[in-house]
Amino acid sequence: MKRPPPPVHIEVDHDRCVGNGMCLTFAPGVFAHNARRQSEVVDPEGDALEDILVAAENCPTAAISVIDAATGESYEV
């Protein structure tokens, strides 16, 4: 059974996002393209935390931030 990730807040900086889609490759349950073909969060619990962090790490413009909802601290990616 798939366990949901710990509560996280995920942000996509649309000033940096170029719509490359790498995040959709690694965490398709979390990210989708919007009408401007930029990534946005559709379900922050849609994939495992490890997959979300890999998606953020592979963003070519570092547009994705993952923040622990309980502590407010950013995950290092």
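The values are calculated or read from the model by the stated rules, or taken from the named source; none is laboratory data. Not measured: the values here are computed from a predicted model. Don't worry about glycine lacking a Cβ; one is built from the backbone with ideal geometry, like all the others, and counts go over all protein chains shown. Ligands, DNA and RNA are stripped out before the accessible areas are found, and what is left, the full protein with its side chains, is counted by its heavy atoms. Shrake-Rupley method; radii C 1.70, N 1.55, O 1.52, S 1.80 Å.
Listed here are the residues, each with its yes/no results for (1) open to solvent by less than 60 Å² (accessible area, probe 1.4 Å); (2) part of a helix (DSSP H, G or I); (3) out of contact with any helix residue (DSSP H, G or I) (no Cβ under 8 Å at 6 or more places or on another chain).
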site	(1), (2), (3)
N20	no, no, yes
E45	no, no, yes
A55	yes, yes, no
T61	yes, no, yes
S65	yes, no, no
T71	no, no, yes
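Taken together, A35, A27 contain a single residue that is surrounded by 13 or more Cβ atoms within 10 Å (Cβ to Cβ) and not charged (D, E, K, R), which is A27.
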